[in-house]
1. Restricting the range B:177-194 to residues that are surrounded by 20 or more Cβ atoms within 10 Å (Cβ to Cβ) and at pLDDT below 90, which is nearest to residue A:59 (Cα to Cα)?
2. For the range A:162-189, enumerate the residues that are within 12 Å of chain B (Cβ to nearest Cβ) and not in a strand (DSSP E or B).
3. Within the range B:69-91, take every residue that is buried (at least 22 other Cβ atoms within 10 Å of the Cβ) and in a helix (DSSP H, G or I) and give me the one that is nearest to ligand 2 (Cβ to nearest atom).
4. Can you pull out the residues in the range B:36-58 that are within 11 Å of another protein chain (Cβ to nearest Cβ) and either away from ligand 2 (no atom under 16 Å from the Cβ) or surrounded by 20 or more Cβ atoms within 10 Å (Cβ to Cβ) (or both)?
5. Among the candidates A:73, A:68, which residue alone is within 14 Å of chain B (Cβ to nearest Cβ), touching a residue at least 60 places away in the same chain (Cβ under 8 Å) and touching a helix residue (DSSP H, G or I) at 6+ places or on another chain (Cβ under 8 Å)?
6. So, residue B:16, is that one within 19 Å of residue A:154 (Cβ to Cβ), within 14 Å of another protein chain (Cβ to nearest Cβ) and within 16 Å of ligand 2 (Cβ to nearest atom) or not?
7. In this structure, does residue A:136 turn out to be more than 26 Å from residue A:179 (Cα to Cα) and free of Cβ contacts under 8 Å to residues at least 40 places away in the same chain?
8. Before we move on, is residue A:97 modelled with pLDDT under 95, under 30 Å from residue A:137 (Cβ atoms) and either within 14 Å of chain B (Cβ to nearest Cβ) or within 16 Å of ligand 1 (Cβ to nearest atom) (or both)?
Ligand SMILES: [Fe+2]
Ligand SMILES: [Fe+2]
C-alpha cells in the first residue's frame, strides 16, 4: 500500500482557507506543453493567492470546479472567470446551479493527458459530486478522490458507496477539515470514520443528534453559489451549457 | 520534474495546528514490520490527535523531534514522552536545549529503512536545523526538506544555502504557513520567495523593516521548549544524551 501519489505528469497542491477551513485543490498536467490546470472548490477570499500560484507555476487554468453548492463560503469560480478569460466553471447538473459546464455521473474532465471522473455522492446536498482521478497507466497511483463534503476525515457527511468501493489506498482529499488533517485513505476511513463504522440506525442517530448551529454564511453563500459566485461581480449572464 | 513524492515505504502525513499555524509532520516506514515512525514539530495542543492517528495507522512512534526552539507554541515532545514510553525527543545540540538525542550537522536519524539527514539552518534561532530525507534508491523521490522556520513558503526566515543547494524538485515543508500553502519546492522558492530574490542589502532592508510584534506566546513557549515541553508535566529529570 503506497501512501503517497506517484505521477510524472501531475502537479498537485492542497491550499487552505482558514476562516471556513476549506481546502482548494490545484491539479495540472505539467508534461503537456500548455500545462493545463484546474481548481477544485476555490474560495472567493483566496482567489488572488490561487491565481498568483497558477501564474508562478506557468500553468494555464482551464476549469474552476465545485463539488457542490457550498453553504459556508462563497465559491471563487465567478471571480476567477472575471480575472482569467477562457476559464470554464463546472458544477453538477443535479445541483440546479448555473455554470459553463454542467456535469453528470460518469462524465470525464480532461486536462492534458490526465482526467477526473465524476461520481455522484449526494447527501450533504442533492447535487454533491466527488471528482476521482482516472484509472490507467498515465494516471496518478494511488488514485485521489476529491470528496467535497460527502466524506470528511473521521467525520463524513454520509456513508457513500461511490467512494468506499474505490481501492483501499485511494487518497481522500475533503473540502474541509476542522482538526488539521490534510488527507486520509479509503481503507482508513472504512476503519475509523465514526459515521461509517455504525449501522444505518446508529448513523441516523448520530446525524439527528448533531445539533449543528445554523451555518453563519448560509444566507449569503447559497444564493451566490447557485450562480457560481457571479451574483454581485457583473451583470453578464452566465452561459449554462450542458456537455 | 516530479511534483509528488514517490515511495513504497514512506507513509507521510501533514497535520495543521490552526492557532499557531504550525505544521506537524508524521513519517513512517510502513514496509518495516514495526512500522517505526517519527513526528517533526508536534504541538502540545494537538498531541492527542497525533497519537490517535499513530495508533490507528498501527505505527510505532520512536522519535518526537523539533527543528528548533519554538517561540510561538509549546512543543508536544514532552507530553508525548509521558504518554508513549520509549519515545526519544530530538533537537540540535546547538539549540542548548535538553532532549534524549542531541543532533549535529550531518547526523542521520533512521526509522526502518528510511532516514533523515540533519542540515544546520541557523538564522531564525542559532540551533535551527532542517531535516532532509535521504538520497538513495529506497528513499523518497523527490527528496523532502522539513525546514522549520528557516524557509517558509514565499517568505523565509533567511536565505539558506543548506537548502538551496538541494535538487530543484526537493519538496519544502515548512513549520508554519499563514496563507494556506502546504508545500513548495526549492526551484519555486528560488524564483519567487521575496526574501531570496533580493541581494544582501535588499534582504537586510526587508528584515529590519518587518516591524514584527512581540510574539504573544514567547515568554511561555521558549522556557518550556528549552526543556522540550517537560516544564510543568512532571518533576522527572530529562536525560540528555548526545549521540
Ligand atoms: Fe462545504
Ligand atoms: Fe516557529
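1. B:188
2. As a first pass, look at the range A:162-189 and keep what is within 12 Å of chain B (Cβ to nearest Cβ): A:169, A:171, A:173, A:177-185, A:187-189.
Matches in the range A:162-189: A:169, A:177, A:178, A:179, A:180, A:182, A:183, A:187, A:188, A:189.
3. Among residues in the range B:69-91 that are buried (at least 22 other Cβ atoms within 10 Å of the Cβ) and in a helix (DSSP H, G or I), the one nearest to ligand 2 (Cβ to nearest atom) is B:77.
4. First pass over the range B:36-58, keeping only residues within 11 Å of another protein chain (Cβ to nearest Cβ): B:43, B:45-46, B:48-50, B:52-53, B:55-58.
Selection gives B:43, B:46, B:48, B:49, B:50, B:52, B:53, B:55, B:56, B:57, B:58.
5. Working: A:68 fails: within 14 Å of chain B (Cβ to nearest Cβ).
So the residue among A:73, A:68 that is within 14 Å of chain B (Cβ to nearest Cβ), touching a residue at least 60 places away in the same chain (Cβ under 8 Å) and touching a helix residue (DSSP H, G or I) at 6+ places or on another chain (Cβ under 8 Å) is A:73.
6. On the way: within 19 Å of residue A:154 (Cβ to Cβ): yes; within 14 Å of another protein chain (Cβ to nearest Cβ): yes; within 16 Å of ligand 2 (Cβ to nearest atom): yes.
The answer is yes for residue B:16.
7. Details: more than 26 Å from residue A:179 (Cα to Cα): yes; free of Cβ contacts under 8 Å to residues at least 40 places away in the same chain: yes.
Yes; evaluated as a whole, the condition is true for this residue.
8. Working: modelled with pLDDT under 95: yes; under 30 Å from residue A:137 (Cβ atoms): no; either within 14 Å of chain B (Cβ to nearest Cβ) or within 16 Å of ligand 1 (Cβ to nearest atom) (or both): yes.
Taking the combined requirement at face value, the residue does not satisfy it.
The values are calculated or read from the model by the stated rules, or taken from the named source; none is laboratory data. Fair warning: this is a prediction, and the values are worked out from it, not measured in the lab. Ideal geometry is used to build each Cβ from the backbone, glycine not excepted, and the neighbour counts take in all protein chains shown.
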